[in-house]
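Report on the structure given below.
Readers should treat all values here as calculations from the given coordinates under stated rules, not as data from a laboratory. Note that this is a predicted model, so its numbers are computed, not measured. Positions of Cβ are generated from backbone atoms using ideal geometry, with glycine treated the same way; all protein chains shown enter the neighbour counts.
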Amino acid sequence: MGYPSVERRRVLAAAALGREAGVPGSGEGDPLRAVMGDILDISPHLITIETPEGAEERLVIAPWATAWHGGDQAPSDLPVGSTVIMRTLRDGRVVERLWADITRLTGTILSVEGRKDLSVQLDCGPHRGRRTIVIPYRATGRIMVRHARFEPGFLFDAIGIRKGEASLALLPATSQPAYPARAVPAPPPAYGGLQSRVSGTATWSDVFDEEDRGAAYPMVERSDVDCPDAEVSCTGLPYLALGSMLQVRNICTDRSANVPIVACGCVAGRFCDRCVECDTSPRGRIAELSPFSYVELGGDLVKGCFNAQIGLG
Amino acid sequence: MTLVLASQLPALIVLLVLGAVAKVSTVRSGGEMGTLARLGPAALVPARIEVPVLVVCAVGELVIATGLLVSTSPIFRWMAVAFFAMCTYVLLEVRRRRPDAGCGCFGEVSAAPVGLRSIARTVALTGMAVLSLWAEGPGWPVFMQPSWFMAAGVVVLLVLSPELEEMVDRLRYRAPCEQRPGPAMEVTLARLRSSGPWRQHHEQLAAVEPYDSWRELCWRFFAFERRDGADVVFAVYLSGRRPAVRVAVVDHEDSGALPVYTPVSA
C-alpha cells in the first residue's frame, strides 16, 4: 500500500477525531530561516549563491558571522563552488552562520579497512543503503576515542565534509553506544501512563531531500512504512505515522516548531545516547531532523544534536 | 514409596514443555530485536548461533518431556538428570561471566539477571530428576493420581521462580496502548467491518479495500474513496474487543476538515 499523500492523512485524521489539523511552521520568537545553495561568489560582506531551483540570490554576511568547512573559518575563505547551508535572520537576507559541504555519517559499521586513512563501510538503514566513508589519518584519534568498539556490528556517527564523491569523517557526533546495533536496550517501563511530552535528543541527517522540512521518527508501525527495522527505541515513544505532525522544542534555545514526520527513523532509534549540548538530556534519539528544520530550530550542525522535547502538534 | 519416586515426573514434564514453548516463541518474536544476546545460554555463544542454540535447547527439552511421559526407558530419565545438571552449570557460568544476562529458562520472561533462586530451582529440578530414576511406570498415569508429594514439588518450584513476579508486574504495569504494538491491520479491518459506522457507509464506497491506512497513537485510520469522489475516513481504537469507531467524510478539494457525521461508537 503506497502513501498517496501523507499531508492528506493529517486532514483526514483530524476530521475523524474532531481535532485541529496541525500546520507546519515555527512558533514564537525571531524566526530563523535556513537557506541552501552553491557559492558563486563570496566576499567578507556579501555572498552570492545559486539555489537548488537555479535562482541566484545575494545575501548580506553579518559582521559576527562564522563559517565551518572542516574547521572554523572566516566566511570569505570558503571555496567557491561548495554547497553551503546558512542560518539567516531578517527573512533570509542576513547570514549569521555558514556550513560548507557538511555531511553526517550515521550507521552501523560493516567493515573497516586501511592502516593510516581508514575506509569504513556503513549500513545506513534499509532506506538509505550503504555508504563508504574515509576517515583521514589526522581525524582517526578524535573519532576512535569516542568510538570504543570500532568493529563491524557497532554503531557509528560522525560529522564531516564532502570532497567530490568521497565523504570524509572529521568529528565524532556522539559517544558510541556500548551495545551492538541489533541489541538496543528496552525502554523503561511506563508506570504513569503516557506522557504528553517526551524528552531526549534530536539530531540531524542529510539524507532528506534538499530544502525539505521534516523529521524521521523511530516509532512508526513496521507494516505501515514497510521497514523491518522500525519500532526500535530505548525511549518510551508513542506510535505515530508518516504524515503526523510533531511539535519539536529545542530546550537549549527555547524555540519550537511543528515538523511533519516524513521518514522512518530506524537508524536513529538504535542510538541510546545523550546530548550534552546545554545540559544532559535523557537517553534516546526521539527525532532525526532534516538539516533545514534542525537549523531553523536553532541547532548547530557541527554539534550534531540538541536537547529536545516532542509532543503531538 | 513408588508414589514418592514417581510423584515429581508431572512437574518435570510440564516445566520442560513450558520451557520449550517459551524459548521457541521468544526466538520467533524477539529474534530481530537483538534481545537474545541477553538471554541465558545464548549470552555465552557468538551472535550468529544464538538462535540455533535456543532452538536446539527447546527441541532437547521436548524430546526429554515426551520420553518421560510415555516410556519407562532409563535413557530419558538419565537425559533429564544430565539436562538439569547441565542447566545448573550453565546458569552458574552465566552468572559468573555475564552478570547482566537473564537465564532465558522461559524465554524472554526470564530476562532478570540470574539470581540464587534460579540456580536453586535447577538444583531442585536435578534432585527431582534423580528421584524419578527409580520410578516404576511412565509419567502419564501419575497425572491421573495427584498426590501431596507432587503438590509439594510444585510449591517448591513456584517459590523458586522469579518469573512469576515478573509476569505479575507485567500485567500490573502494562505499557499504555499508545506504546504497545497494535493488532495486525487485517484484524483491525475485520473489527471495522463488523461495526455500525461501516454498515452505514459501506454501500457508498467505491472499493472495499482502503487506499491508505496508518496508525497514530491508539487509533488506526482507514481511508476509502466514495463513489462521488469524497474521502471517507474511519478511525478504529486499537484496544478492546469491540472498539470505538469514528468516521468522517472529507471533500476531496477541501483541505480543511469537514466532519459530516457526528462520532459514533460501535
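Toward the positive end of the charge dipole of segment A:81-167, with +1 on the Cβ of Lys and Arg and -1 on the Cβ of Asp and Glu, the farthest Cα among A:Met86, A:Met144, A:Leu105 is that of A:Met86. Listed as lacking a disulfide-compatible partner in chain A: A:Cys124, A:Cys266, by the criterion of no other cysteine Cβ under 4.7 Å. For segment A:221-313, the Kirkwood estimate of the hydrodynamic radius, built from every pair of different alpha carbons, is 13.6 Å.
What size of dipole, in debye to the nearest 20, comes out for chain B about its Cα centre when the only charges are +1 on Lys and Arg C-beta atoms and -1 on Asp and Glu C-beta atoms? Write down the numbers at each step before the final one.
Details: 25 positive and 23 negative charges, 181 e Å.
Around 860 debye, computed over chain B.
Here A:Lys116 is the anchor, and the aspartates and glutamates within straight C-alpha reach of less than 18 Å, apart from those fewer than 8 places off in the same chain, are A:Glu151. Remark: the B:Arg242-B:Val159 segment gains 26.1 nm on full extension, using 0.36 nm per residue and subtracting the alpha carbon distance. In chain A the longest region clear of GluC sites (Glu not before Pro) that are loop-assigned by DSSP and have at most 13 other C-beta atoms within 10 Å covers A:166-313. Expressed to the nearest 5 percent, the antiparallel share of DSSP beta bridges inside chain B is 95 percent. Scattering from the protein assembly as shown was approximated by placing one identical point on each alpha carbon and applying the Debye formula without solvent; log10 I(q)/I(0) at 0.09, 0.10, 0.13 1/Å stands at -0.84, -0.96, -1.27. Across all directions, the shadow cast by the convex hull of segment A:1-140 built on its C-alpha atoms averages 13.1 square nanometres. For segment A:11-106, a crude dipole built from +1 on the beta carbon of Lys and Arg and -1 on the beta carbon of Asp and Glu, taken about the Cα centre, is about 300 debye to the nearest 20. Straight-line cross-link partners of B:Lys23 among the aspartates and glutamates, defined as a Cα under 15 Å from its Cα and at least 8 positions apart when in the same chain: B:Glu32, B:Glu50, B:Glu61, B:Glu108, B:Glu163. Give me the percent relative contact order of segment A:72-131, please, defined on Cα pairs under 8 angstrom at least 6 residues apart. Once divided by the residue count of segment A:72-131, the mean separation gives 20 percent. Could you tell me which residue out of A:Gly54, A:Thr201, B:Leu116 lies farthest along the dipole of the protein assembly as shown toward its positive end? Charges go on the beta carbon: Lys and Arg +1, Asp and Glu -1, centred on the Cα centre. Highest projection toward the positive end goes to B:Leu116.
At 0.36 nm per residue, and after removing the present C-alpha to C-alpha distance, how many nm does the segment from B:Arg199 to B:Thr66 gain when stretched out fully? Before the final figure, lay out the partial values.
On the way: separation 133, 0.36 × 133 = 47.88 nm, distance 5.07 nm.
Gain on extension, B:Arg199 to B:Thr66, equals 42.8 nm.
In this rough spin-label picture, where each label sits 7 Å from Cα along the Cβ direction, the B:Trp148-A:Cys278 distance is 7.1 nm.
The aspartates and glutamates whose alpha-carbon is closer than 16 Å to the alpha-carbon of A:Lys163, local same-chain residues fewer than 8 away aside, are A:Asp38, A:Asp101, A:Asp117, A:Asp206.
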